[in-house]
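Asker: Pasting in a structure now, in structure tokens, and then I'll have a few things to ask.
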Amino acid sequence: MNKRTLLSLLLLLAITTVACTCNLPGLSDLLNSASTSSSSQPTVSATGNDQNTANVLYFDDFSDPQSGWDRVHDGDNITDYYQGQYRILVQETQTDLWANPSQSFPADVIVEVQAVKNSGPDDNDFGVLCRYQGVNNYVFFIISSDGYAGIGKVENGSQNLLNPDQAMVPVEGIPTGANAIYHIRAACVGNNLTLYVNGQKIMEAQDPAPTAGDVGLMAGTFDTPGTDILFDDFRVLSP
């Protein structure tokens, strides 16, 4: 499978409360040494109730494993909290997994998260969701560890790429390599969808039918299994 088709097998995740027992030393150290730590970020509750960050609708640094995100262990696949971060591990080929905080937001939001590849192939995909109304309807923004990006939408169960190339394409400026840190920012504002990575605008697309909904995280595989992504400092802002 290559990125120009992006026809992943989408898995419906069942929520569980099984704790992760994997031993992954040094993950927090990697994030903290390469980027701003969560302790220096604005202190915002999960409802965004903070007078100094009035445009923050939601924030989660994943320090509380009961904050409401999916906790799924399906065979070797994992979507769960781990050491103050959120982990998505995909051990099947041609598969995307995602997780949601089970919230409701307006159609117009900005979604931000910090991500790092823990292990697995560079030929992967990971990113964020907005306008999530269920497994058959949502907008997604994805990048890869080998420098590709795409903006797409699942509508009535049909997945399509919305950026002009209608495929994931290589983009200059996306970091590559094992220790790369990604600050992903996805703006869903009216019909306009804009993807930023590490402060650089890298892609735009159009959503013809904006809708309110949940947000989320996503990661997946192509021909090689083992995509393992860690996320931290997830926030949703009003534009």
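Asker: For the range 47-64, what are the residues that are in a loop (DSSP other than H, G, I, E, B), of a type outside the set (A, V, I, L, M, F, W, C), surrounded by 17 or more Cβ atoms within 10 Å (Cβ to Cβ) and at pLDDT 95 or above?
Answerer: Answer for the range 47-64, where residues must be in a loop (DSSP other than H, G, I, E, B), of a type outside the set (A, V, I, L, M, F, W, C), surrounded by 17 or more Cβ atoms within 10 Å (Cβ to Cβ) and at pLDDT 95 or above: just ASP61.
Asker: Conditions first: (1) surrounded by 21 or more Cβ atoms within 10 Å (Cβ to Cβ); (2) closer than 20 Å to ASP165 by Cβ; (3) under 16 Å from the mean Cα position of the chain (by Cα). THR194 passes all but one, so which condition is the exception?
Answerer: So THR194 meets the others, but not (1).
Residue-wise test of (1) at pLDDT 95 or above; (2) out of contact with any helix residue (DSSP H, G or I) (no Cβ under 6 Å at 6 or more places or on another chain).
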| position | (1), (2) |
| --- | --- |
| GLY177 | no, yes |
| GLU204 | yes, yes |
| ASP207 | yes, yes |
| ASP214 | yes, yes |
| ASP233 | yes, no |
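Asker: For residues that are out of contact with any Gly (no Cβ under 7 Å at 6 or more places or on another chain), farther than 17 Å from PHE140 by Cα and either surrounded by fewer than 24 Cβ atoms within 10 Å (Cβ to Cβ) or aromatic (Phe, Trp, Tyr) (or both), tally how many sit in the range 215-231.
Answerer: Total meeting the criteria: 3.
Asker: Could you tell me whether PRO164 is assigned to a loop (DSSP other than H, G, I, E, B) and in contact with a Gly (Cβ under 8 Å, 6 or more places away or on another chain)?
Answerer: Taking the combined requirement at face value, the residue does not satisfy it.
Asker: Report, ordered by the first and then the second residue, all pairs with beta carbons closer than 9 Å, sequence separation of six or more or different chains, a first member in the range 134-159 that is closer than 29 Å to GLU172 by Cα, and a second member that is among the polar types (S, T, N, Q) and surrounded by 24 or more Cβ atoms within 10 Å (Cβ to Cβ).
Answerer: Matching pairs, first to second residue: SER144/ASN124; SER145/ASN124; SER145/THR227; ASP146/ASN124; GLY150/SER144.
The values are calculated or read from the model by the stated rules, or taken from the named source; none is laboratory data. Computed from a predicted structure; not experimentally measured. A quick note on method: Cβ atoms are made from the backbone with ideal geometry, for glycine too, and the neighbour counts reach across all protein chains shown.
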